[in-house]
1. Looking only at residues that are within 17 Å of Ala65 (Cβ to Cβ) and touching a residue at least 40 places away in the same chain (Cβ under 8 Å) in region 11-33, which one is surrounded by the most Cβ atoms within 10 Å (Cβ to Cβ)?
2. Given the structure, is Met8 at pLDDT 90 or above, open to solvent by less than 70 Å² (accessible area, probe 1.4 Å) and more than 30 Å from Lys136 (Cβ to Cβ)?
3. Inspect region 17-36 for any residue being farther than 17 Å from Asn7 by Cα and more than 29 Å from the chain's Cα centre (by Cα) and give the result as yes or no.
4. For region 52-67, state whether one or more residues are among the polar types (S, T, N, Q), closer than 30 Å to Ile138 by Cβ and at pLDDT below 85.
5. Enumerate the pairs (first residue in region 103-125 and more than 11 Å from Glu144 (Cβ to Cβ); second residue anywhere and of a type in the set (S, T, N, Q) and open to solvent by less than 80 Å² (accessible area, probe 1.4 Å)) with beta-carbon separation below 6 Å, excluding pairs fewer than 6 apart on the same chain, so at least 6 apart or on different chains.
6. If Ala65 passes every condition in (1) surrounded by fewer than 19 Cβ atoms within 10 Å (Cβ to Cβ); (2) in contact with a Phe, Trp or Tyr (Cβ under 8 Å, 6 or more places away or on another chain); (3) among the small types (Gly, Ala, Ser) but one, which one does it miss?
7. Taking interchain pairs and intrachain pairs at least six residues apart, which have beta carbon atoms under 9 angstrom, with the first residue in region 58-71 and on the phi < 0 side of the Ramachandran plot and the second open to solvent by 60 Å² or more (accessible area, probe 1.4 Å) and in a helix (DSSP H, G or I)?
8. Filter region 122-143 down to the residues that are under 31 Å from the mean Cα position of the chain (by Cα) and open to solvent by less than 50 Å² (accessible area, probe 1.4 Å), then identify the one that is farthest from Phe100 (Cα to Cα).
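The values are calculated or read from the model by the stated rules, or taken from the named source; none is laboratory data. Note that the structure is a prediction, hence the values are computed from the model and not measured. Neighbour counts are summed over all protein chains in view; Cβ atoms, including those assigned to glycine, are modelled from backbone coordinates with ideal geometry. Just the protein is used for accessible areas: all its heavy atoms, side chains included, with ligands, DNA and RNA removed. Shrake-Rupley method; radii C 1.70, N 1.55, O 1.52, S 1.80 Å.
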Amino acid sequence: MNWFEQNMAETLFIIGLIILIVEVTVLSFSTIILFMIGAATIITSITMYLGVISDDLLNALLIIALLTAALALVLWKPFKGLQNKQEDKPVTSDLVGFTFMLAQDVDPDTDVKYKYSCVEWKLISTTAISAHTKVKVIAVNVGEWEIIALN
């Protein structure tokens, strides 16, 4: 315990870094509070190292708690906004680009199925395509393939 008391600023800095590394790499900012605790721990260790605050454990815990609360008040809304961002991009699939021959006619009003890899896929087309035409999958949705005719 004597070593910890003599090197409290360095120890708190290392603990803060470990908390930040866990938050960023393992949890991917899913718990914002760990980031704030880690940042408060590092700020406390720096102020302790510079001699602004005394290096005793009770003082360190109090400063960490106050800084965590202050960081939470200031950073909660911006960090919450970062978590809520979603990228709406189309689903990519290795089935896009797959070509095959139609066994029956397909048009926007018919319900035609194509069995591939033990799954029956509903074929969707915006235009009428006759049987025995080579088609290509241009989009994959749940249980559905959008197809176009190849010339």
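1. Applying the filter and picking the extreme gives Leu12.
2. Spelling it out, it is not the case that Met8 is at pLDDT 90 or above, open to solvent by less than 70 Å² (accessible area, probe 1.4 Å) and more than 30 Å from Lys136 (Cβ to Cβ).
3. Filtering region 17-36 down to residues farther than 17 Å from Asn7 by Cα leaves 19-36.
Okay, now just the ones that are also more than 29 Å from the chain's Cα centre (by Cα), so none.
No; the residues of region 17-36 include none that is farther than 17 Å from Asn7 by Cα and more than 29 Å from the chain's Cα centre (by Cα).
4. The initial filter retains those residues of region 52-67 that are among the polar types (S, T, N, Q), namely 54, 59.
Add one more test, that the residue is closer than 30 Å to Ile138 by Cβ, and what stays is none.
No.
5. Final answer for the pair search is Asp105/Ser130; Val106/Ser125.
6. (2)
7. Listed by first residue and then by second, the contacts come to Ile63/Ile43; Ile64/Ile43; Leu67/Ile43; Thr68/Ile33; Leu71/Ile43.
8. Gly143
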